[in-house]
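The values are calculated or read from the model by the stated rules, or taken from the named source; none is laboratory data. Owing to the predicted nature of the structure, the values given are computational and were not obtained by experimental measurement. When we count neighbours, we look across all protein chains shown, and the Cβ atoms used for this are built from the backbone with ideal geometry, even at glycine. In case anyone asks, the SASA skips ligands and DNA or RNA and just uses the protein heavy atoms, side chains included. Shrake-Rupley method; radii C 1.70, N 1.55, O 1.52, S 1.80 Å.
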Amino acid sequence: MPQELLFFFLEAYFIMKAQVKPKTRGFVCVTAHPEGCAAHVKQQIEIAKNKAPLANGPKNVLILGCSTGYGLASRIAAAFLGNAATLGVCFERPSEKGRPASAGWYNTAAFEQEAKEAGLYAKTINGDAFSKEIKEQTIKTLKEEMGPIDLVVYSLASPRRTDPETGETHKSTLKPIGEIFTGTHLDTDKAALVDVSIEPANPEEVAATVKVMGGEDWELWMEALSQAGILAPNVQTVNYSYLGPEITWDIYKNGTIGKAKEDIEATAQRLNKLLEPQSGKAMISVNKAVVTQASSAIPVVPLYISILFKIMKEQGLHEDCIEQMVRLFTDHLYSEQGPQLDDQGRIRLDDWEMRADIQAAVMEQWPAITTENLKAETDFAGYQENFLRLFGFGLPGINYEEEVELEVDIPSQGVKA
Ligand code: NAD
């Protein structure tokens, strides 16, 4: 065999199969394990399947941001609790030149495979959900293959958004407004508490964060779906928010991201008008703090979560994304009495997190936590395990020493990564 050909085959072999270990850089892990991600998806599916199926669940569900975190869990709940056909939109990276794909890619491949085996329709559109092209492609697929949609879940979390009209790219920031923020942050790489101080955002940064994480794109989606005549009677749409305890407010609720969350609440009110002809509803669900790719980037949150998880686990109240989404579908969206709303019209899945006794215990612990007692006094270990699981690491039954196929097919895309 000519030498070049031999090298070609050797390269092809080594590029496709490799041992994958976690490589974390601050709050991101740049590798993902295909089989581990599939096992993580299966774990979540089992949790949904172990609950009583929805008697009157949705038939056709569109999930924007379907590949990780709350969006993936929403898709799993819709499919495996509600028997729904799902169309998902996400923005994930395939495997390239011997690099693993992103976790969301592997999750989506695994979800579709499981859905197919269960006889459920599942298709995914991988591309920029903020763009006109992806909206058009989604609507075309809905019209040709699915029919009217009875639930639209908006679960995008992105650091940037290109405005489809102007072509300008806006970047979101996680900053306080008005005053400098000083607080304690957990450096998860070093397992150390560090003092942080973050300069307040200027008005342009506030506006840009609202542009990215506020309600504009949600509204554009719902208008496009409505104009296409693809919304079913009694359609529901839900977008996710977070409020959290006072200790996080300077950086979250009263910061740039909080402004974006205020904007989605105002958007929900406008969408309720838009959906009147279908007797539809637009809702905000305030979810609990969980470890996701998006939340690990927020200052203060990893320390808060480490303390919170210990207390909620001790009380038997611990939930991850899937348990929250099971409650959203069962107790609210598809319950007999309909969604239970707070005085501002929001679903409160953070009710257990915000319980007075839970928060009192968190606040009592907070000032006493130091780098030295972090591991003993908080659930930092649980935080780290949870973080690594997002990328498919630490799952039982997976041999992480073995080489694995990096290129994994997302069945509905019909192409290899
Ligand atoms: P995540 O990072 O796990 O998921 C983000 C999703 O958005 C992924 O599916 C990703 O592919 C998709 N996405 C990002 N940019 C995209 C683009 N341009 N086009 C298409 N898809 C794109 O995030 P998450 O933590 O699950 O957050 C989802 C929502 O839940 C956010 O609104 C967040 O504020 C909210 N929330 C999160 C928490 C928490 O603790 N994580 C708590 C309450 C509410």
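The GNM of the chain, with springs linking C-alpha atoms under 10 angstrom apart, assigns the highest mean-square fluctuation among Ala129, Ala84, Ala18 to Ala18. Across region 112-124, computed HN-Hα scalar couplings (Karplus, 6.51 cos²θ - 1.76 cosθ + 1.60, θ = phi - 60°) run 4, 4, 5, 5, 4, 4, 8, x, 9, 5, 8, 9, 10 Hz from first to last residue, x flagging Gly and Pro. Pairs to check: Lys211/Lys313; Lys259/Lys281; Lys59/Lys97; Lys281/Lys313. Give those whose C-alpha atoms are more than 32 Å from each other in this structure. Pairs exceeding 32 Å: Lys211/Lys313; Lys59/Lys97; Lys281/Lys313.
For the chain, the relative contact order works out to 23 percent when only alpha carbon pairs closer than 8 Å and six or more residues apart are counted. Between Arg99 and Ile180, the modelled labels are 3.7 nm apart [label points 7 Å from Cα along Cα→Cβ].
For region 65-100 versus region 332-354, the spacing of their alpha-carbon centroids is 24 Å. How much net charge surrounds Leu193 when only other residues with a Cβ under 11 Å from its Cβ are counted (Lys, Arg +1; Asp, Glu -1)? The answer is -2.
If you find the alpha carbon centre of region 270-317 and of region 224-268, how far apart are they in angstrom? Cα centroid to Cα centroid, the span is 10 Å. Placing a pseudo-label 7 Å from each Cα along the Cα-to-Cβ vector at Glu223 and Ala368 gives an inter-label distance of 5.4 nm. For the set Lys59, Lys313, the ranking by accessible area, highest first and with no ligand, DNA or RNA atoms included, is Lys59, Lys313 under a 1.4 Å probe. Region 33-48 and region 357-417 have their alpha-carbon centroids 13 Å apart. Comparing Ile284, Ser131, Met213 along the charge dipole axis of the chain, the residue lying farthest to the positive side is Ser131, per the Cβ-charge model.
Amide H contacts of Ser241 (H built 1.01 Å from N, in plane; Pro and chain starts excluded): Ser285, Val286, Asn287 sit under 5 Å, all sequence-distant by 5 or more or on other chains. Sorting the segments 221-233, 324-336 by their mean number of nearby beta carbons within 10 angstrom, highest to lowest, gives 324-336, 221-233.
Think of the chain as a dipole: +1 on every Lys or Arg Cβ, -1 on every Asp or Glu Cβ, centred on the Cα centre; then among Ala361, Pro53, Cys90, Pro53 lies furthest on the positive end. Taking Cα centre as origin and charging only the Cβ of basic (Lys, Arg, +1) and acidic (Asp, Glu, -1) residues, the dipole magnitude of the chain rounds to 560 debye. Phi angles across region 32-48 convert, under the Karplus curve 6.51 cos²θ - 1.76 cosθ + 1.60 with θ = phi - 60°, into 3J(HN,Hα) values of 8, 9, x, 6, x, 4, 4, 5, 5, 5, 4, 4, 5, 4, 4, 4, 5 Hz, Gly and Pro given as x. Ligands, DNA and RNA are left out, and with a 1.4 angstrom probe the accessible area of the chain is 45 Å² per residue. Subtracting the Cα-Cα distance of Ala52 and Ala192 from 0.36 nm times their residue separation leaves 46.1 nm of extension gain. Taking θ as phi - 60° and the Karplus parameters 6.51, -1.76 and 1.60, the scalar couplings of region 352-361 work out to 6, 4, 8, 4, 4, 5, 5, 5, 5, 5 Hz in sequence order, x denoting glycine and proline. Highest mean packing first, where packing is the average number of other Cβ atoms within 10 Å per residue, the peptides 198-206, 160-168, 68-76 line up as 68-76, 198-206, 160-168.
Considering all alpha-carbon pairs of region 18-408, what whole percent are spaced by more than 37 angstrom? That tail contains 17 percent of the Cα-Cα pairs.
Placing unit charges on the Cβ atoms of the charged side chains and taking the dipole of region 18-408 about its Cα centre, the candidate lying farthest along the positive direction among Ile251, Ala110, Thr31 is Ala110. Close amide-amide hydrogen proximity is noted between Leu231 and Ile149, each under 5 Å apart and 5 or more residues distant or on a separate chain (H modeled in the peptide plane; Pro and chain starts excluded).
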